[in-house]
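J.: One structure follows; several queries about it will come next.
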Amino acid sequence: MKYRLLVFGNAPSWVDDGVREYSKRIPNLSIERVAGKPVRTRTQRMYATCGNRAIRVYLDKSGQSFTSESLARQCVSWERRGQDVCLLIGDDVGFTGEDLESADLVWSLSPLTLPHQLTRILVCEQLYRAHTINLGQAYHRS
């Protein structure tokens, strides 16, 4: 089982550095870039990159929010299913309602509108935090 972070295009080096740091800490986390052009088919290409067997989690402010502990429990549930988890992060345009309806889960990091570049780092940090909670490590303080 892998966590696959799917994103459009490149990011500034500080974003890549942050994602890379968390990728070292979570060995089953990868980032996959999907070409952003042509715009009209980009979400379909992202969806196809996931494949039919993966769990598709779209990041959107309209989605379900988690506490760190409840995300840790969600990660255990995903791991028990044994399927890859594709975390889809849109760009500045976001996803359509139709896109979100095709998701297995829509996850909201915050009711705030967050920059898609920063979202990459936040998702990685939260997955790392959930990972350490599940291992009983001291990273998370409740």
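The values are calculated or read from the model by the stated rules, or taken from the named source; none is laboratory data. Quick caveat, the model's predicted, so the values are computed rather than measured. Note that we place each Cβ from the backbone using ideal geometry, even for glycine, and neighbour counts take in every protein chain shown. Just so you know, the surface numbers come from the protein's heavy atoms only, side chains and all, with ligands and any DNA or RNA stripped out. Shrake-Rupley method; radii C 1.70, N 1.55, O 1.52, S 1.80 Å.
J.: Restricting the stretch 78-98 to residues that are open to solvent by 30 Å² or more (accessible area, probe 1.4 Å) and touching a strand residue (DSSP E or B) at 6+ places or on another chain (Cβ under 8 Å), which is nearest to ARG33 (Cα to Cα)?
T.: Going through the qualifying residues, I end up with ASP91.
J.: At pLDDT 95 or above and open to solvent by 30 Å² or more (accessible area, probe 1.4 Å): does that describe SER65?
T.: Spelling it out, SER65 is indeed at pLDDT 95 or above and open to solvent by 30 Å² or more (accessible area, probe 1.4 Å).
J.: I'd like the full set of residues that are open to solvent by less than 40 Å² (accessible area, probe 1.4 Å) and out of contact with any strand residue (DSSP E or B) (no Cβ under 6 Å at 6 or more places or on another chain), limited to the stretch 9-27.
T.: GLY9, ALA11, VAL15, ASP16, GLY18, TYR22, ILE26
J.: From the list ARG53, ARG73, exactly one residue is part of a loop (DSSP other than H, G, I, E, B), open to solvent by 70 Å² or more (accessible area, probe 1.4 Å), more than 23 Å from ALA11 (Cα to Cα) and without any contact (Cβ under 8 Å) to a residue 60 or more places away in the chain. Which is it?
T.: ARG53
J.: Of the residues in the stretch 28-50, how many are within 13 Å of the chain's Cα centre (by Cα), surrounded by fewer than 18 Cβ atoms within 10 Å (Cβ to Cβ) and part of a helix (DSSP H, G or I)?
T.: Qualifying residue count, the stretch 28-50: 0.
J.: If you scan the stretch 99-120, which residues turn out to be in a loop (DSSP other than H, G, I, E, B) and closer than 23 Å to GLY51 by Cα?
T.: SER102, ALA103, ASP104, SER108
J.: Looking only at the stretch 100-114, how many residues end up being closer than 22 Å to ASN10 by Cβ and open to solvent by less than 100 Å² (accessible area, probe 1.4 Å)?
T.: Counting residues in the stretch 100-114 that are closer than 22 Å to ASN10 by Cβ and open to solvent by less than 100 Å² (accessible area, probe 1.4 Å) gives 2.
Conditions tested, residue by residue: (1) at positive phi; (2) in contact (Cβ under 8 Å) with a residue 40 or more places away in the chain; (3) of a type in the set (Asp, Glu).
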position	(1), (2), (3)
LYS24	no, no, no
LEU29	no, yes, no
LYS37	no, no, no
THR41	no, no, no
TYR47	no, yes, no
SER65	no, yes, no
GLY82	yes, yes, no
ASP91	no, yes, yes
GLU101	no, no, yes
